[in-house]
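The values are calculated or read from the model by the stated rules, or taken from the named source; none is laboratory data. Treat the numbers as computed from the prediction; the structure is a model and nothing was measured. Because the Cβ atoms are built from the backbone with ideal geometry, glycine has one as well, and the counts that use them run over all protein chains shown. All accessible areas refer to the heavy atoms of the entire protein, side chains included, with ligands and DNA or RNA removed. Shrake-Rupley method; radii C 1.70, N 1.55, O 1.52, S 1.80 Å.
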Amino acid sequence: MNNFNALEFVDGKLKFIDQTKLPFEESYIFTDDFERISEAIERLEIRGAPAIGIAAAYAVALAFKNKTEKDEQYFGAVINRLKSTRPTAVNLFWALSKTEDAFLNISKENIYETILITAIKIHEDDKNRCDMIGEAGLELFNDKINILTHCNAGALATGGEGTALNVIKKAFKSGFINHVYADETRPLLQGSRLTAFELEKSKIPFTIITDSMAAFVLKEKNIGMIVVGADRIAKNGDTANKIGTYGLAILAKHHNVPIYIAAPESTIDRKINSGKDINIEYRSDSEVNSIRKIPITNNEYNVMNPAFDVTPAKLISGIITENKVYHYPFKF
Ligand code: MRU
């Protein structure tokens, strides 16, 4: 168990750990300003698909903290602002649709309280789902193995102990993990900063590698499994996750190493048939040509910065959800 909460609702405010400062500084922001939460999602102070959804639901509630009118136009503007923050993680849109359902059924009073109850429920449900995902993943382990993960799909990214990282945490507690290799995860280093931070707190032995070392590590370090999270899973199992996941899946195939996706059912977008329909977020060039505002190349050179890629379903060995482990070909 980690001894921190990435997101917490205290004294009428959202309290969240500023993930851009980790692992150097464990600092928290308290706010009841929905615009501040929208900015936190855009800046990746709050990140990870389930955490984005939870924070957005709290933000909708907070937007009505001092309002007594059921102002539908204002509600629409709040929802649209939050929808504009990050396009790929379906959990954001899923959580916002839950607040929309709540809003539609609200009479005039208690708008804030009613949406807040919805947000708390989304948060608590996600915590339970993380536990169930961790438990469900245990059926995939027989021996003590080395495991590789990419990005951060842990307590920082969810309302509980994580998805992919909770599979690792539970497997470690059951004696199935020898060593974790954590991809650094360029450009924003969610692996070397955030996954490493969590693994250290959980006292799980790990080594950080750059993304370009993954092929070497799969060949040389006896990796038994790769497990990663997801931002959106299409009906056929095509999965959007942090940029680099697709490459890792191709490497896994070549080295005959199984690769699993761990995600709550809320990450499955049953409205889209395949990965072609997933909107990939492109982020600022400055995340590629500088690190913490320090230039690492000439900022006039052309760069690109897609935040996610889509791994075709046929490269994925299985998808671990709170209900079960699905195997290819996927039928959800
Ligand atoms: O850009 P990020 O850091 O929000 O990307 C996060 C990921 O890609 C995670 O793997 C995914 O959201 C799952 S988090 C449980």
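One table, with the values for the structure above:
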{"item": "DSSP-defined antiparallel bridges as percent of all bridges, the range 136-327, nearest 5", "result": "40 percent"}
{"item": "Between the range 124-138 and the range 9-88, the alpha-carbon center distance in angstrom", "result": "23 Å"}
{"item": "The chain, helix-only ellipticity at 222 nm - DSSP H runs n ≥ 4, -39,500 (n - 2.57), divided by all residues, nearest 500", "result": "-10500 deg cm²/dmol"}
{"item": "Separation of alpha-carbon centers, the range 261-332 and the range 162-201, rounded to whole Å", "result": "18 Å"}
{"item": "Computed accessible area, Phe34, all protein chains, 1.4 angstrom probe, square angstrom", "result": "40 Å²"}
{"item": "Which of Phe216, Val78, Ala6, positive extreme of dipole for the chain (C-beta unit charges)", "result": "Phe216"}
{"item": "Exposed-loop-free span, longest in the chain, where trypsin sites (Lys or Arg not before Pro) count as exposed if DSSP calls them loop and at most 12 other C-beta atoms lie within 10 Å", "result": "109-202"}
{"item": "Loop-located GluC sites (Glu not before Pro) in the range 1-81 whose Cβ has at most 16 other Cβ within 10 Å (DSSP)", "result": "Glu25, Glu26, Glu69"}
{"item": "Relative contact order of the range 1-150, defined on C-alpha pairs under 8 angstrom at six or more residues apart (%)", "result": "20 percent"}
{"item": "Percent of beta bridges antiparallel (DSSP, the chain, rounded to nearest 5)", "result": "50 percent"}
{"item": "Three-way shape label, the range 114-208, alpha-carbon gyration tensor, a/c 1.5", "result": "oblate"}
{"item": "Overall form of the range 247-300 per C-alpha gyration tensor (a/c, 1.5; a/b vs b/c)", "result": "oblate"}
{"item": "Crossing angle, helix 49-63 versus the chain [Cα axis fit, 0-90 degrees, rounded to tens]", "result": "10 degrees"}
{"item": "Leading residue at positive end of dipole, the range 136-327 (Cβ point charges), from Ala263, Asn146, Thr239", "result": "Asn146"}
{"item": "Considering only the range 181-294, percent of DSSP beta bridges that pair antiparallel, nearest 5", "result": "30 percent"}
{"item": "Global geometry of the range 136-327, whether rounded, prolate or oblate, following the gyration tensor of its Cα atoms and the 1.5 cut on a/c", "result": "oblate"}
{"item": "Max mean-square fluctuation residue, GNM over the chain, Cα-Cα springs under 10 Å, options Gly191, Gly134, Gly76", "result": "Gly76"}
{"item": "13 Å beta-carbon shell around Ser290, net charge (K/R +1, D/E -1)", "result": "+1"}
{"item": "Relative contact order [Cα under 8 Å, 6+ residues apart], the range 136-327, whole percent", "result": "22 percent"}
{"item": "Sum of side-chain charges, Ser274 neighbourhood, beta-carbon under 11 Å (Lys, Arg +1; Asp, Glu -1)", "result": "-1"}
{"item": "Relative contact order for the chain, counting Cα pairs under 8 Å that sit 6 or more residues apart, in percent", "result": "16 percent"}
{"item": "Candidate lysines for bridging to Lys144, where Cα separation is under 20 Å - those fewer than 8 sequence places away on the same chain excluded", "result": "Lys169, Lys170, Lys173, Lys203, Lys219, Lys221"}
{"item": "Per-residue SASA entry for His254, accessible area with 1.4 Å probe, Å² rounded to 10", "result": "150 Å²"}
